[in-house]
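Read through the structure below, which is laid out as structure tokens, and then see the notes.
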Amino acid sequence: MSQRQVLQVFEQYQRARTQFVQAVAELASRSQNIEPRSNSGVMALLRPLLLDVVPTIQQTAALALGRLANYNDELAEAVVKGDILPQLVCSLSEQNRFYKKAAAFVLRAVGKHSPQLAQAIVQCGALETLVICLEDFDPGVKEAAAWALGYIARHNSELSQAVVDAGAVPLLVLCIQEPEIALKRIAASTLSDISKHSPELAQTVVDAGAIAHLAQMILNPDAKLKRQVLSALSQIAKHSVDLAELVVEAEIFPVVLTCLKDSDEYVKKNGATLTREIAKHTPELSQLIVNAGGVAAVIDCIGSCRGTVRLPGIMMLGYVAAHSENLSMAVIVSKGIPPLCTCLIEENEDHIKAAAAWALGQVGRHTPEHARAVAVANVLPTLLSMYMDAHSSEDLQVKAKKALKNILQKCTYLPALEPLLHDAPPNILKHIVGQFSKVLPHDSKARRLFVTTGGLKKVQEIKAEPGSLLQEYINTINNCYPEEIVRYYSPGYSEILLERVENYHPVL
Amino acid sequence: MATLARLQARLPGLREECFRRNRSVDEHRKKEYKAAVKIQSWFRGCRVRAYIRYLNNIIIIIQKWWRGYQGRRYFRKMVETAYFIMKMNFYNEMAVRIQKRWRGYYDRKYTHNYYALKKYLEAISVNNEIVRKELNEYAEMKEKEKKKKDLEKKEKEKEHQARKMHYLLSTEQIAGIYNSPFSKSPDPMELLLRKSKPLSHSQQPAKNHLICELCDWSNCTRSPTFPAAQPLPPIGRQKPQGPFRDTAEVLRQRYKPLEPTLRVAASINSLEKAREEIKREEWRNRVHDNEFLPFSSYHKNEKYDPSIHRSGKYGQETYGVKHFREVQPKKWIADKDFQTVLPSIVLFERFGKTYSRTGQIV
């Protein structure tokens, strides 16, 4: 009898624990139930349940802790302060796969908030256990471990180095080859987070043979997987020329161009980022991309997107055009200027406009042909207005000014320069007038046009210090015309004439 | 004598005269000496000067010739250098002209080849067109696939709905809602209802499982399918009055798993099956099925089947088995063997004689 009573008491207690832990886990999955202050006591209650005899309770307790830590960084800190992590790490190696998943979930939830919390996780020796989990058979466990490692490595390069030193990279490369899509995604995202900090880390990832597998996965139809794979490749390629060449040798072109036509916005963005990171290093790599038709694909991509998604494409065009005049001409021939102009005009964000202005400057700065192509698109007044606008950010103003200067120094297309004469500030005006002074002495039709459009009048009205460059230009222009014309257009000529009339004594 | 006296008389005066003469001579000696020296020195000087003048003249002539020679040489060198420089300048000029033409040609042809650049740009635009076309095709293909998938999904949805609402099918007596008597032809939904099979309720839960699996599994938002704890008996139930056994015991006994004996668990023909199994194994391991029978009486007339190795013409060679040494009696000169002088090797004596002659009939 009494034995049965004792048993009943124990069973009651067990049931109560199970109920408590399941209820907490349930409530924690909905964020409105969590309040940081009142829930700090929950940590102390859940902690002993992690060591419970019943496996179900352990697993549910770990699950509840994970959900709580996931929600808020204060709770994550409470988890760390409550000394829960060492217990988790110890029991992680022995338990079954559900527990491993839940424990890896807790580590991930704690590690994602800040570098200090991630450092705390590293210090309690969780990395080795997570790496052991990466070798487990169950793909869910691998995924949870890889996710946790990814969140830890995301913060800074020391943590990434710690993850790499724990030997995670070869196992992650193995994980990428697994058939489950979710596991591939997470492994690709972790490799991306590891390799983004420094060239040495990227080299470690490359040495494990990741590039070939990542390149194969570009063809996979799953959009989220493509995002991560493209992001990983671009993080590897961005550090140095050798790494970019290694990525290119994996024969990603022209396959990457199909990603630029994908229906998912972020796949397009990451694809454009990858081409940008490759194109920016040397002219040869840019040449390769141009030869593969990359420029056309990127231009179409810019035309079809809106917002921040366009930014990497714009920068890619700028980098390609900056290397040499042949490449810049290739960009022009591929009809690159109209989309850049529309970006400049349509977009609201200043940094995108600044990037578009910079790219246009790079395209137009090489020779008069290039400058003409840019000027014909009627983009110079827009650039000028952006430079003059008080609301634009400083970055935008600086970039617009530089672009304008670079284009103007080579521009000989006078019809485009005319409207700028009227509104430009003196430092820009000097360049415009300089260009006029270079072209007008040799071209009579241009001289005629200059007079008829009122340019000569405007030039006379400019006040310049004698001896300055502007004055010299003005003198050159004035020397192209006969004196009477110049005097006719000089300001105040009508007053002079009237004065002469007044002072004239009629001859009777 | 007189002279002597005169001399002696002059003698004291002689001394004085002598002194007086010496003195006067001494007085003038210096002067004369100096005058003589002067004259001599002047004369010697004249002589030397004449000599020097003479030498000077000679030297002037020599130097004049020598300097003239040096000057001419120097001049000649200068002329040569000037000439050389003039020639070099000329060559440089000409070389510059050649190089100018050549570099212009080379650059125009190879480095900054305008036509090549133009062709390249045209090729790029053509390539771009191709790439754009292909990408558009790819995008269209993807669109079509997506549309097809959406359509299929909608179709499936509709069919599922029809199967669920099968009871809305119209009968002979009562027209269903999709088969209004006022419309000419029934609604397409009605036709769908007619085609579909009614849904049985037990199949329903399987559908929702897969959709949320992928994201919930990793986010741990779905509750895990742990093996739940053993169901405990309901608490708080009053113990029934009477001589009843404990409910838990009863349940345990009722649901005790079956533990059959070996006799019951074994099937009826298990013995025969085991025997057959053994027979099969033996048959498997045998090479042939011919029973092994004892000698002579059974195999009297049986011809021996040689194995494949022996039955071909490439069978065993007789050398080494039937004979060891080639012996060609037709070539022998005489019947007798050689007469040995030295003691022969004992082993070779026995050649052909170790066995009885009956073996040689083969």
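Tally the residues that are without any contact (Cβ under 8 Å) to a residue 40 or more places away in the chain and within 16 Å of A:S468 (Cα to Cα), restricting the search to region A:430-444.
Residues in region A:430-444 being without any contact (Cβ under 8 Å) to a residue 40 or more places away in the chain and within 16 Å of A:S468 (Cα to Cα): 4 in total.
Among the residues of region A:81-93, is there at least one that is more than 10 Å from every other protein chain (Cβ to nearest Cβ), of a type in the set (S, T, Y) and within 25 Å of A:V163 (Cβ to Cβ)?
Yes: region A:81-93 contains one or more residues that are more than 10 Å from every other protein chain (Cβ to nearest Cβ), of a type in the set (S, T, Y) and within 25 Å of A:V163 (Cβ to Cβ).
From the list A:V433, A:V379, A:V451, which residue is out of contact with any strand residue (DSSP E or B) (no Cβ under 8 Å at 6 or more places or on another chain), among the aliphatic types (A, V, I, L, M) and surrounded by fewer than 20 Cβ atoms within 10 Å (Cβ to Cβ)?
Only one candidate passes the filter, namely A:V451.
Taking the condition away from every other protein chain (no Cβ under 14 Å) and without any contact (Cβ under 8 Å) to a residue 12 or more places away in the chain, does A:Q177 pass?
Spelling it out, it is not the case that A:Q177 is away from every other protein chain (no Cβ under 14 Å) and without any contact (Cβ under 8 Å) to a residue 12 or more places away in the chain.
Is it the case, given these coordinates, that B:Q360 is in contact with a helix residue (DSSP H, G or I) (Cβ under 8 Å, 6 or more places away or on another chain) and either loosely packed, with under 10 Cβ neighbours inside 10 Å or modelled with pLDDT under 75 (or both)?
When the stated conditions are applied, B:Q360 does not pass them.
Pairs needed: first member in region B:109-133, at the interface with another protein chain (Cβ under 7 Å from one of its Cβ atoms); second member anywhere, surrounded by 11 or more Cβ atoms within 10 Å (Cβ to Cβ) and charged (D, E, K, R); C-beta distance under 8 Å; at least 6 residues apart or different chains.
Close Cβ pairs satisfying both conditions: B:R132/A:D300.
Only helices (runs of 4 or more DSSP H) wholly contained in region A:332-451 count here; list those with 2 or more residues that are within 28 Å of A:V320 (Cα to Cα) and under 28 Å from the mean Cα position of the chain (by Cα).
Helices (runs of 4 or more DSSP H) meeting the threshold: A:337-346, A:350-364, A:368-376, A:380-388, A:394-408.
Cβ contacts < 8 Å: first residue of a type in the set (K, R), restricted to region B:148-161; second residue surrounded by 10 or more Cβ atoms within 10 Å (Cβ to Cβ) and in a helix (DSSP H, G or I), any location; separation 6+ or different chain. Result?
Once the first residue is of a type in the set (K, R) and sits in region B:148-161, its partners that are surrounded by 10 or more Cβ atoms within 10 Å (Cβ to Cβ) and in a helix (DSSP H, G or I) give B:K158/B:L192.
Name every residue in region A:259-290 that is within 14 Å of chain B (Cβ to nearest Cβ) and crowded, with 20+ Cβ neighbours inside 10 Å, in order of residue number.
A:C259, A:L260, A:K261, A:D262, A:V267, A:K268, A:G271, A:A272, A:T275, A:S286, A:I289, A:V290
Only one residue in A:V122, A:V131 is in contact with a Gly (Cβ under 7 Å, 6 or more places away or on another chain) and either part of a helix (DSSP H, G or I) or surrounded by 15 or more Cβ atoms within 10 Å (Cβ to Cβ) (or both). Which one?
A:V131
Give the number of residues within region A:161-186 that are more than 15 Å from A:T204 (Cα to Cα) and small (G, A, S).
Total satisfying the criteria: 1.
A quick yes/no check of all residues on (1) within 11 Å of another protein chain (Cβ to nearest Cβ); (2) in contact with a Cys (Cβ under 9 Å, 6 or more places away or on another chain); (3) modelled with pLDDT of 80 or more; (4) assigned to a helix (DSSP H, G or I):
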position	(1), (2), (3), (4)
A:E26	yes, no, yes, yes
A:S38	no, no, no, no
A:M43	no, no, yes, yes
A:L46	no, no, yes, yes
A:V53	no, no, yes, no
A:Q58	yes, no, yes, yes
A:A61	no, no, yes, yes
A:L65	yes, no, yes, yes
A:L68	no, no, yes, yes
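May I ask you to verify whether A:A166 is free of Cβ contacts under 8 Å to residues at least 60 places away in the same chain and within 12 Å of chain B (Cβ to nearest Cβ)?
Answer is no for this residue.
Hey, can you tell me all the residues within region A:292-340 that are at positive phi and either facing chain B (nearest Cβ under 10 Å) or among the aliphatic types (A, V, I, L, M) (or both)?
Answer for region A:292-340, where residues must be at positive phi and either facing chain B (nearest Cβ under 10 Å) or among the aliphatic types (A, V, I, L, M) (or both): A:G293, A:K335.
Across region A:58-75, what is the total count of residues that are β-branched (V, I, T) and surrounded by fewer than 21 Cβ atoms within 10 Å (Cβ to Cβ)?
0
Tell me which residues, restricted to region A:94-115, are under 27 Å from A:R15 (Cα atoms), of a type in the set (D, E, K, R) and either within 12 Å of another protein chain (Cβ to nearest Cβ) or in contact (Cβ under 8 Å) with a residue 24 or more places away in the chain (or both).
Passing the criteria: A:R97, A:K100, A:K101.
Hey, can you tell me all the residues within region A:76-86 that are surrounded by 17 or more Cβ atoms within 10 Å (Cβ to Cβ) and over 14 Å from A:L45 (Cα atoms)?
Within region A:76-86, A:A76, A:E77, A:V80, A:L85 qualify.
Please go through region B:252-268 and give me each residue that is away from chain A (no Cβ under 14 Å) and surrounded by 10 or more Cβ atoms within 10 Å (Cβ to Cβ), ordered by number.
B:A265, B:A266, listed by residue number.
The values are calculated or read from the model by the stated rules, or taken from the named source; none is laboratory data. Please read these numbers as outputs of a predicted model, since none were measured by experiment. Cβ atoms come from the backbone with ideal geometry, glycine included; neighbour counts cover every protein chain shown.
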